[in-house]
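Remarks on the structure that follows.
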Amino acid sequence: MSQFFYVHPDTPQQRLMKQAAAIVQEGGVVVYPTDSGYAIGCGLGNKNGFDRICQIRRLNKDHHFTLMCRDLTELSAYARVGNQAFRLLRNNTPGAYTFIFRGTKEVPRRLLNPKRKTIGIRVPDNNIALALIDAIGEPMMSCSLILPGNEATESDPEDIRDKLEHAVDLILNGGNLGEQPTTVIDLSDDTPELLREGAGDPEPFS
C-alpha cells in the first residue's frame, strides 16, 4: 500500500518533501506532479525501481527515459550539450519540454537508449517536482505516467491512487493537472528536431 501525501502546489511542505526524498533514496518509486500531468520516478541508481516502472508502464529498453533535474547546473554531468543547444535550454527552462541529448558516462547504461546512447533531460515548471528533486539532491529517473492502453498522461491523483496504490511506494497529490505529455525536442546533434508536440510550445525550436 502506497503512502499518499497532500502537497500544497505553490508552497510544498518541507516536512513532506523530506519524507518523500527519503522514500526515493531508500529505493522507493514515486508518482508526482509536473507541468505536464503526473510522472513516475525513482532514484538514479535504483535498478529495482527502474524495473518496476518499466513493468507498470510496459516499456521496453528503447524508450527514452528522462533525468528530472532541478536546474541546468547539473546538465554537463549527464549530457553532452553544444553551445546552441545550451542557449535554447536556458531560454526555455523550466518548462514542459523533454530534451534528448547524448549521455555521459555518469548516466547508468540501462537508462540510455541502446542504439543512440541518448537520454532525456527535463527541468519541470512545477514547485512540487522541483522541491522533491532538491530534497533528493540529485536528478531523478523519470517518465510521464501514461498507463498501458492510454495516450494521455494521468491527471487525477485520486484515480492514480485507485490504479497504482499497490504498485508504487508514494503518490504526491498536487491537485488535478492537464493530460498533455511534454513536447520532446532532440538536441543530440545540437540542431533542434521536434519528436513529439505536447504541452510545451514548439515554436522556439522551429
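Ranked for footprinting exposure by Cβ neighbours inside 10 Å, fewest first, Phe99, Phe4 give Phe4, Phe99. Once you order the gyration tensor axes a ≥ b ≥ c over the Cα atoms, which shape class does the stretch 81-134 get: rounded for a/c under 1.5, otherwise prolate or oblate by comparing a/b with b/c? Cα axes put the stretch 81-134 in the oblate bin. What pairs from Lys115/Lys163; Lys105/Lys163; Lys18/Lys47; Lys61/Lys163 go past 31 Å between their alpha carbons? Correct reply: Lys115/Lys163; Lys105/Lys163. Listed peptides 124-131, 8-15 appear in the order 124-131, 8-15 once ranked by packing, highest mean of other Cβ atoms within 10 Å at the front.
Enter the angle in degrees (range 0 to 90, nearest 10) between the Cα long axis of helix 83-92 and the first principal axis of the Cα atoms of the chain, meaning the one along which they spread out most. Once rounded, one gets 40 degrees. Full extension of the chain segment joining Glu151 with Asp71 gains 26.0 nm, where the gain is 0.36 nm per residue of separation less the Cα-Cα distance.
About its Cα centre, the stretch 83-176 has a charge dipole of approximately 1020 debye under the convention of +1 per Lys or Arg Cβ and -1 per Asp or Glu Cβ, with nothing else charged.
Between Leu194 and Arg90, the distance separating the two model label sites (each 7 Å from Cα on the Cα→Cβ line) works out to 2.5 nm. Available extension along the chain between Met1 and Arg15 is 2.9 nm, counting 0.36 nm per residue and deducting the alpha carbon span. Here the 3J(HN,Hα) profile of the stretch 63-72, calculated from phi with Karplus coefficients 6.51, -1.76 and 1.60 at θ = phi - 60°, is 5, 7, 7, 10, 9, 8, 10, 7, 6, 7 Hz, Gly and Pro shown as x.
Working note: Karplus 6.51/-1.76/1.60 with θ = phi - 60° gives the stretch 143-158 the couplings 7, 4, 8, 10, 6, x, x, 9, 10, 9, 6, 4, 10, 10, x, 5 Hz, where Gly and Pro are set to x.
The 3J(HN,Hα) values that the Karplus relation (6.51, -1.76, 1.60; θ = phi - 60°) gives for the stretch 21-27 are, in residue order, 4, 4, 4, 5, 5, 8, x Hz. Gly and Pro appear as x.
You can think of it this way: the chain between His8 and Ala22 has 3.2 nm of extra reach, that is 0.36 nm per residue less the Cα-Cα gap. Matching the structure-derived Rg and Dmax of the Cα atoms in Å against the labelled list (1) 15.9, 50; (2) 15.6, 46; (3) 16.7, 53 gives the label (2).
Quick note: the coordinates plus some simple rules give every number you see, no bench work behind them. This is a predicted model, so every value here is computed, not measured. A quick note on method: Cβ atoms are made from the backbone with ideal geometry, for glycine too, and the neighbour counts reach across all protein chains shown.
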